[in-house]
Structures are given as structure tokens and as C-alpha cells.
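Take a look at the structure set out below.
Nothing in this text is a laboratory measurement; each read-out follows from the coordinates by a stated rule. Owing to the predicted nature of the structure, the values given are computational and were not obtained by experimental measurement. Backbone-built Cβ (ideal geometry, glycine too); neighbour counts: all protein chains shown.
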């Protein structure tokens, strides 16, 4: 994630704004740590970034998280502090088929990847099936979230992902606007 957000980190550093990316494990741990950060780092712009896990039917991200995860305290947060990867981080990987093909090499099956402009509309189960089918015959083997996911996220073209993933673009716009106004 740090590589994927390097453009934003560099912008923050150029403006002498501190930047700290914290991976928290499970979504409940992330929410707990986010709540702690909001209380202990009041001068910081703390952002919760989690997978949506399901399609987002509410116009409010906070409402989605409150309904899906029963996170009652989320309503006290600013809407801009709540960010989603819809439905899962792998949706963003599907946006850049070229990088996937280059990473997996020979026998990567491009036809297994849905040809959808908004990759965030692809269901979690379809994403998982597409990645498995696209990669199973490659030298690196079937896609694996832990072994391949972090490296791929650092390799994909951010502009391509932002163009095909509105929540990703929202994250970049929110952070860029905050840094510009600081």
C-alpha cells in the first residue's frame, strides 16, 4: 500500500506534513486502531481504509460501514475519513491487466479478467474467480493474496486504477485536497 500511495506520501513530505501508514490486520482491528488514533492524534487527519466486503448500496460510506459491520461510532467521523476499497483490494488489481500480465508472464489468461470499466462493480466472488482462472497456469502459480497482492499493488499503474475505480480516485482526491489545504 505504501508503494501504491507513494505519490501522496511524496506530496505530504514536500509540504512538511507527517505521513504514517499503519496496517492493522483485520477490519475490526483497523477500526479499533482508527478510533484510538482519532483520540490520541487529534491534530492528524486520520483515515480508515478498509475493503467494503459487499457492494455499497448507501450513498454514505459511514452508513455502509455502520450497517455492514455494526460500527456505531463511525457516525461521529467525517465522511472523508472513511475510505473504501470496493469490494476488495483485488478489484483495483483488475484495473491494470497489463501489469498483471507482465507480473505473471507466460500463460496469463487475459480473457479471464472481466472487461468492465468500473472494476469496483465486480463482485468479490467474481474477482477471486477471475484472478484464479487468469493465473493458474502461470509460472508464479495461482494468485495468492499474501504472496502476490502487496507486490502487485505496488506495481499497478495508479492512474489506470484511479480511472477505473471511483473509490480509489476518491481516496487520492481526499488526501491530495487535505494536503493542499494544510
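Three principal axis extents describe the C-alpha atoms of the range 12-56; from largest down they are 37, 22, 18 Å.
Return the calculated 222 nm mean residue ellipticity for the chain, to the nearest 500 deg cm²/dmol, obtained by summing -39500 (n - 2.57) across DSSP H runs with n ≥ 4 and dividing by the residue count.
Values: 9 runs with 92 residues, N = 182.
Calculated at 222 nm, the ellipticity per residue is -15000 deg cm²/dmol.
Taking the Cα atoms only, what angle lies between the long axis of helix 145-155 and the longest principal axis of the chain, rounded to 10 degrees? Helix 145-155 and the main axis of the chain meet at about 80 degrees. Once the convex hull of all Cα atoms in the range 90-155 is built, its volume per residue stands at 72 Å³.
Legend: calculated FRET efficiency, residue 39 to residue 145, from the Cβ-Cβ distance at R0 = 25 Å, rounded to 0.05, equals 0.20.
By the count of other C-beta atoms within 10 Å, a proxy for reagent exposure, 41, 148 are ordered fewest to most as 41, 148. For the pair residue 123 and residue 7 in one chain, pulling the backbone fully straight at 0.36 nm per residue adds 38.9 nm over the alpha carbon distance.
All Cα-Cα distances of the range 119-176, cut into 10 Å bins from zero to the largest, leave 20, 46, 29, 6 percent in each bin in turn.
Rounded to the nearest 10 degrees, the angle from helix 124-135 to the longest Cα principal axis of the chain is 40 degrees.
Using only the C-alpha atoms of the range 1-129, find the volume of their convex hull and express it per residue in Å³.
Roughly 132 Å³ of hull volume per residue.
Most tightly packed first, judged by the mean number of other beta-carbon atoms within 10 Å of their residues, the peptides 92-105, 2-15 read 92-105, 2-15. Between the Cα long axis of helix 27-40 and the first principal axis of the chain there is an angle of about 30°, rounded to the nearest 10. If R0 is taken as 22 Å, the Cβ-Cβ distance between residue 73 and residue 16 corresponds to a FRET efficiency of 0.10. The range 110-142 and the range 1-63 have Cα centres lying 26 Å from one another.
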